[in-house]
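Step one of this worksheet: look at the structure below.
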Amino acid sequence: TGDCLTTSAFLSYSGPFDYHFRQRMIYEDWRQDIKTRNIPMSEKFRIEDLLTTEAKLQNGLLNNCLQLLSVQNGILATKATRWPLCIDPQLQAVNWIKKKYEGPMLKPLNMNEGPNAFIKDYKIQSEEEVLACSKTLIKIDPTLDPLLEKNIVDRAGQKYIKLTDNFIDYNESFKLYFTTKLSNPKYTPEIMGKTMVINFTVTLMGLRDQLLNVVVSFEKPEK
């Protein structure tokens, strides 16, 4: 019960914080609080164990803070019920999304063009994945609220969603990602409540680990 409570809290609240704050919040504050309340929990517990598989963790991932941050952010981006809004000054999220959805299914959009970009350029009714990317995203057009809130209408077995004055066919496989290059954006409570804000910012220690991984993969590719 304590493990499920911790993972639920992680998915709900930890996204906006950096790696070190998350670790302290989860494994010191939350776990100690659960222990003092005598809620059953595992002695050896990791967030990643309940929310992903060992095979995925071993797929090119090393046990350092950068890679664990990437694993946590990937979990938050794929398992959250709200569309991810990634704080991404070093383009970690953009590179991850491009790698995950490489090919014609990925449609980059500029949010500065407004909601018409969604209607003109994109196929929400198909099985394409969409990346909505803006270098300076500080607000989201309110006309996109039906998409953010997933206000889907079911008519005779067909699903639709209304954007501006258009009813568009909706497919359950559709994905939407927002990213911003701002390192410390100021979002309204409405945006925070309608999206899953995820902090992809890498610390100096994380960048050091990333450089070390590159060097090791070059010098010792068999490792």
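What number of residues within segment 10-23 are surrounded by 15 or more Cβ atoms within 10 Å (Cβ to Cβ) and under 17 Å from the mean Cα position of the chain (by Cα)?
The number of residues fulfilling the criteria is 9.
In segment 40-62, which residue that is surrounded by fewer than 14 Cβ atoms within 10 Å (Cβ to Cβ) and farther than 30 Å from L207 by Cα is modelled with the highest pLDDT?
Result: P40.
Every residue in segment 179-193 that is assigned to a strand (DSSP E or B) and either touching a helix residue (DSSP H, G or I) at 6+ places or on another chain (Cβ under 7 Å) or of a type in the set (A, V, I, L, M) (or both), please.
Here is the first cut: in segment 179-193, the ones assigned to a strand (DSSP E or B) are 179-180.
The one that is assigned to a strand (DSSP E or B) and either touching a helix residue (DSSP H, G or I) at 6+ places or on another chain (Cβ under 7 Å) or of a type in the set (A, V, I, L, M) (or both): T179.
Identify all residues within segment 24-53 that are under 20 Å from the mean Cα position of the chain (by Cα) and among the β-branched types (V, I, T); write none if there are none.
I26, I47, T52, T53
Pairs under 8 Å by beta carbon, first residue open to solvent by 100 Å² or more (accessible area, probe 1.4 Å) in segment 91-102, partner at pLDDT 85 or above and in a loop (DSSP other than H, G, I, E, B), six or more apart or different chains?
none
I'd like the residue in segment 194-212 that is within 20 Å of P89 (Cβ to Cβ), assigned to a helix (DSSP H, G or I) and in contact (Cβ under 8 Å) with a residue 60 or more places away in the chain and, out of all such residues, is least open to solvent (accessible area, probe 1.4 Å).
G206
Keeping to segment 159-178, report how many residues are open to solvent by less than 40 Å² (accessible area, probe 1.4 Å), in a strand (DSSP E or B) and either without any contact (Cβ under 8 Å) to a residue 60 or more places away in the chain or among the basic types (K, R) (or both).
Result for segment 159-178: 3.
The values are calculated or read from the model by the stated rules, or taken from the named source; none is laboratory data. Computed from a predicted structure; not experimentally measured. Don't worry about glycine lacking a Cβ; one is built from the backbone with ideal geometry, like all the others, and counts go over all protein chains shown. Remember, those area values only see protein heavy atoms, side chains included, never the ligands or the DNA or RNA. Shrake-Rupley method; radii C 1.70, N 1.55, O 1.52, S 1.80 Å.
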